[in-house]
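The values are calculated or read from the model by the stated rules, or taken from the named source; none is laboratory data. Nothing here was measured: the structure is a model prediction, and the numbers come from that model. Cβ sites come from the backbone with ideal geometry, for glycine too, and all protein chains shown count toward neighbours.
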Amino acid sequence: MTRRLLVFFATASGLLLQAVQADESDTLWTRTFGGPNADGAYAIESTSDGGFIVAGEKEISYFGPTDVYLLKVDGNGDLAWSRTFGDTNANEIGRSVQQTSDGGYIVAGYAGVGQDNQVYLLKTDSEGNFQWDASFGPTPDNRGHCVRQTSDGGYIIAGQAYVVHGAFGSYDSYIIKTDAQGGLEWQRFMGGDMNDYALTVCEVLGGGYIAAGRTQSFGVWDAYLIKLSAVGDSLWARAVGGAAADEATDIMELPDGGGFVFSGISVAPSRGDGDVYLARTDTDGNIVWSRTYGGDSDDDGQSLAMTRDGGYIIAAMSSSFGAFSWDVYVIRTDSLGNEIWSRTFGNDGDDRGHGVTRQSDGSFAVAGWTSSFGAGWLDVYVIKFQGDGTVSVDDGADMPREIALGPNYPNPFNATTSIPLTLSEKSTIEISIYDIPGQRVSVVTRGVYPPGEHRFVWDGKYIGGGNAPSGIYFYRADCGGAHRIGKMVLLR
């Protein structure tokens, strides 16, 4: 038995769709996991038994809150177990996961309602059974984005915290160090008078930590690197990037301790769309080289792993290449960041890559979410492939119904905006609003509608009722197997 592989290859002359056959005896696969609602993954790590641990969020009911979603997948892509953790009256999201030295797992993310969140740290045993949890954050909105176990058995967390500077509030980079039981050892708030975020962190050779994210205080949204001592003292900070917005989403230290490599997003000034960003720095955070990858639309780099030959694999999402809307985007480079190959994976829906991990045999796995495949309208999506990009993909994507999603009006807007949708038949539809990082912030409608033209209004508010801030948002209509996406700008 064979599986059919559909891959879009980016070439100098355009996009070439190829259909190839892969023998099922290959150990390469794709899998979806989840229920009838919205489920997605933000992180994946290899485990000591040759499998994977995946963390994300699971919607427990329509319009309902989300729980932390933790899945153990074996090396063949079969689900060993899954667990959810959360309060029925709050949202809990797992943004980062790692296997710990005792064989269990540590998860970091955030928990709360609306804009009232705390950094959330969760520890389980090797079977995903709850052991302990902890929350951090003295301010109204605190979020954890990355966790790593440290050499002393504790944990280092990167995130953001909303703090007041003078008469105004903004986000600071928030770094937390705990002991092995989640007890707070120290915390640091770093940044300026504008918004600053720490999205990733790791321990470095010789002690101390390197954190990375983005800053508005020391540049027009530049990538932001912070070097800290073992006790949390700031040794240096760097705002790096070009003339437009840049962001670091994942960082690693080079194996020889000779500097750092980070992935992220760099906005092209000429067109205002993001490209995948990869940069190497020296030990003081100065750029040695940088590269961008992508097409004429938005392409966002999310996570980074090193290949056995010293190159890099980047997990990303692309609206430039692929089938429709967003697709999972994987880029392979050499040690200097020169692209060797890139692939997109997905179909007619919204498919995004967030986490990437390398296994000991040189293969890789990417995790994210998909609305093209799976049981629900959004499912966890895991793809395993060799270092050359070969992958097997199951057939069976639903064919879309005929729907037409028009441009919202007005755009930009301040108070409300109208979203037009035309249906060719009586259909169950859902229209949701997403922010730039891909977080769903509002559901405009979910129900059954007759054929014809319809208009739906978004009032610029979050699901919990708070006002969404100014920025770029995406509206997405789901109708059976069909998915359409538009972009809007909210100006307060």
Enumeration of residues in region 235-282 that are hydroxyl-bearing (S, T, Y) and touching an Asp or Glu at 6+ places or on another chain (Cβ under 9 Å)
T249, S263, S266, Y277
Whether any residue in region 179-188 is surrounded by 15 or more Cβ atoms within 10 Å (Cβ to Cβ) and either within 18 Å of P469 (Cα to Cα) or hydroxyl-bearing (S, T, Y) (or both) is what I want to check.
no
Within region 239-262, residues in contact with a Leu (Cβ under 7 Å, 6 or more places away or on another chain) and farther than 16 Å from L278 by Cα come out as G257
So D172 ticks every box in (1) closer than 19 Å to Y209 by Cα; (2) surrounded by fewer than 17 Cβ atoms within 10 Å (Cβ to Cβ); (3) of a type in the set (D, E) but one. Which box is left unticked?
(2)
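Conditions (1) under 21 Å from the mean Cα position of the chain (by Cα); (2) not hydroxyl-bearing (S, T, Y), marked per residue:
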{"site": "G144", "(1), (2)": "yes, yes"}
{"site": "Q149", "(1), (2)": "yes, yes"}
{"site": "Y171", "(1), (2)": "yes, no"}
{"site": "V220", "(1), (2)": "no, yes"}
{"site": "G232", "(1), (2)": "no, yes"}
{"site": "D246", "(1), (2)": "yes, yes"}
Within region 316-346, count every residue that is surrounded by fewer than 23 Cβ atoms within 10 Å (Cβ to Cβ), in a strand (DSSP E or B) and either of a type in the set (S, T, Y) or outside the structural domain of I44 (by TED's automatic domain parsing) (or both).
2
Please specify each residue of region 328-386 satisfying the condition of being under 18 Å from F33 (Cβ atoms) and touching a Pro at 6+ places or on another chain (Cβ under 8 Å).
A375, G376, W377
Counting only residues that are modelled with pLDDT under 50 and not polar (S, T, N, Q), how many does region 8-57 have?
14
Hey, any hits in region 91-101 for a residue that's small (G, A, S), within 27 Å of A198 (Cα to Cα), crowded, with 21+ Cβ neighbours inside 10 Å and at pLDDT 95 or above?
yes
Requiring at least 1 residues that are closer than 20 Å to R358 by Cα and more than 21 Å from the chain's Cα centre (by Cα), the strands (runs of 3 or more DSSP E) wholly within region 34-90 are 79-85
